[in-house]
Amino acid sequence: MIIMLLLFVALLVVAAVYFVRLFNGLVALRENVRKAWANIDVLLTQRHDELSKLVETCKRYMTYEQETLERVMHGRAAVFRAQGAGDVTALGAAEDQLRQDVGRLFALAEKYPALKADESFGHLQTRITELEESIADRREFYNDAVNLNNIRIQTFPDLLVARMFEFRPAGLLEFSEEQKRDVDVGKLFG
């Protein structure tokens, strides 16, 4: 009788330890998704600041390109809204449009030799390009974290714990196929 009781208690302890490990693993995955999002958020905020400086620099030279400058600012605002709301789907769409508008702005800058020669413009163009590359890298880390999280909360036995504690799937940060291609500078001048 004592052996059966000890065996039962040992089984309960093992089950409890297993349950705690599952729960803690799911929490770690959820927090990795949040951390990856926070890393993207930092870069988006930095780019947000740099874009406003870029537009101000361009305004001094590009008097006939107000529509392009306004599109960049509207795109910047759309990214900022989606970023603030944590809406990954809206952010992907806003990023698509903003990238196209910034590419158009850089292409139009070719028409303005004084702007191209401006040290501030060159620095901002380089900085924004570097931020774009960093955002792409962080997007990959974010999507990996989301993928791991989503797989774990949908597989047995983790899904039992996930449902019990309401762990939710996270959304991938995706860009359209058009967004993934380089901007066709020739079309921008056509």
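Bear in mind these aren't lab numbers, they're just calculated from the coordinates by the rules spelled out. All of these numbers come straight from a predicted model, not from anything done at the bench. In this analysis, Cβ positions are derived from the backbone assuming ideal geometry, glycine residues included, and neighbour counts consider all displayed protein chains.
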Can you pull the Rg over Rh of the chain, Cα-only, Kirkwood? 1.24
In nm, to one decimal, how far is the residue 31 label point from the residue 172 one, both placed 7 Å along Cα→Cβ? 2.7
For the pair residue 4/residue 140, report the inter-label distance in nm, with labels modelled 7 Å from Cα in the Cβ direction. 5.9
Extending each Cα 7 Å along its Cβ direction at residue 123 and residue 81, get the distance between those two points in nm, one decimal. 3.2
dims of the range 1-113, Cα set, principal axes, largest to smallest, nearest Å -> 92, 19, 19
What net charge is computed for the residues neighbouring residue 162, neighbours being all others with C-beta under 15 Å from the C-beta of residue 162, Lys and Arg scored +1, Asp and Glu -1? +2
Sequence of 112, 18, 64, 142 once ranked by neighbouring C-beta atoms within 10 Å, starting from the fewest: 64, 18, 112, 142
P(r) of the range 95-137 over all Cα-Cα pairs, binned every 5 Å from zero, in whole percent: 5, 21, 27, 27, 13, 6, 1
Got a sec? How would 156, 175 order by Cβ neighbour count within 10 Å, fewest to most? 156, 175
Pairwise Cα inverse-distance average, inverted: Kirkwood Rh of the range 60-169 (Å): 16.7
How many Lys pairs in the chain lie less than 27 angstrom apart by Cα atoms, where the lysines are 8 or more positions apart or on different chains? 12
Taking the Cβ of residue 94 as the centre, find all other residues whose Cβ is under 10 Å away and add up their charges (Lys, Arg: +1; Asp, Glu: -1). 0
